[in-house]
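Notes for the one structure printed next.
The values are calculated or read from the model by the stated rules, or taken from the named source; none is laboratory data. Keep in mind that what you see is a predicted model, and the values were worked out from it rather than measured. We place every Cβ from the backbone using ideal geometry, glycine too, and count neighbours over all the protein chains shown. To get the accessible areas, we keep the full protein, side chains included, count just its heavy atoms, and leave off ligands, DNA and RNA. Shrake-Rupley method; radii C 1.70, N 1.55, O 1.52, S 1.80 Å.
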Amino acid sequence: MNWKRLRKAGVAALAFALIFSLLPAVAFADAVVGETVVTLGADLTPQQRDAILKEMNVDRNVQIVEVTNEEEHRYLGKYVSKATIGTRALSSAKITLAEKGAGITVKTNNITHITETMYANALITAGVKDAEVYVTAPTQVSGTAGLTGILKAFETATDTKISDEQKEVANEEMVRTSELGEKIGDPDKAAQFMMDLKQRMAEEKPETPEEFRNLIINVSNEYNINLSNQDIEQLTQLLQRLSELNIDWGALSDQVKKLRDNLDEILNSDETKGFLETLLDWLASLLDALKQIFSSESA
């Protein structure tokens with residue numbers, strides 16, 4: 001059995017539930033476990049607002065803040081086209097504060113380009129921790145604008161301010177990871193690649209542009225990812241900006257290693273293997289049966 005393939009297939013479902021905070025603790029003045037804040041796109045119709053609140057399973061008394069299209073352009077305008085961002089703010093999010101040490105979990109609906117792991121990685125960069133996040137829209141959207149609402153909800157729930165620099169770096173990381181995922185046809189691999197870049201930064205502590213470029217090239221070779229010169233330059237600039245944020249790189253390295261260990265433990269446990277083997281055997285039997293049916297019909 002190809003466990004490497006199974007690991008890859010399972011990362012998207014497991015990683016977002018196992019991501020731990022990699023940034024120093026922030027003093028949240030009014031953070032209360034279980035507190036929920038909803039952000040709604042300012043251009044939703046009244047019917048769409050009601051439908052999304054129902055989808056989120058919250059009542060009208062929940063704390064609601066709006067996200068405008070102008071805010072979306074403010075943090076994304078440097079990295080994606082105006083056409084991609086659009087002229088209407090429709091993406092919405094719900095954030096619920098979790099117990100200390102719970103980490104970040106992300107679920108999405110109608111989001112086509114940004115995976116749960118990409119959101120989680122970007123949220124960690126922005127300083128978000130210990131929260132359950134749900135991102136949705138009334139119709140299918142790319143999801144690039146969703147991070148703006150999540151961060152605004154977190155600020156409201158914790159009565160804190162995330163710096164514009166952190167917001168911009170988090171948005172750029174999310175966009176670059178999404179672009180790489182589309183380029184290589186594997187968003188989960190792109191998210192893991194970005195995670196490894198962070199860990200290697202913590203271990204090697206690059207300082208010069210050349211050191212950052214060499215790090216990117218080395219890790220991309222390990223992942224068998226072919227990066228263009230433009231890709232390398234964009235990632236170099238991103239990592240340099242990331243290195244300037246107030247990040248505890250020792251904690252980052254430890255948490256990434258712990259995340260990887262937890263993934264290995266779950267995916268390689270006897271219980272998981274037994275379940276996956278049973279599932280794959282069932283799928284093989286189903287495919288054989290379908291093959292026989294279609295063969296009979298062709299005859």
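Set the Förster distance to 25 Å, then compute FRET efficiency between GLU203 and GLU233 from the Cβ-Cβ distance, nearest 0.05.
Computed FRET efficiency for GLU203 and GLU233: 0.65.
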Ignoring ligands, DNA and RNA, what percent of the accessible area of region 35-163 is carbon or sulfur (1.4 Å)? 47
Can you compute the modelled spin-label distance between GLU35 and GLU244, with each label point 7 Å from Cα toward Cβ, in nm? 3.1
Counting every Cα pair in region 62-216, what percent are over 27 Å apart? 21
Over region 85-149, with the other protein chains present, what is the accessible area per residue in square angstrom, probe 1.4 angstrom? 31
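Given a Förster radius of 25 Å and the C-beta distance between THR160 and GLU55 as r, what FRET efficiency does 1/(1 + (r/R0)^6) yield to the nearest 0.05?
0.35
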Stretched fully, the stretch from ASN109 through ARG88 gains (0.36 nm per residue minus C-alpha distance, one decimal, in nm) 5.8 nm
To the nearest 0.05, what FRET efficiency results for ASN226 and GLU70 with a Förster distance of 41 Å applied to their C-beta separation? 0.65
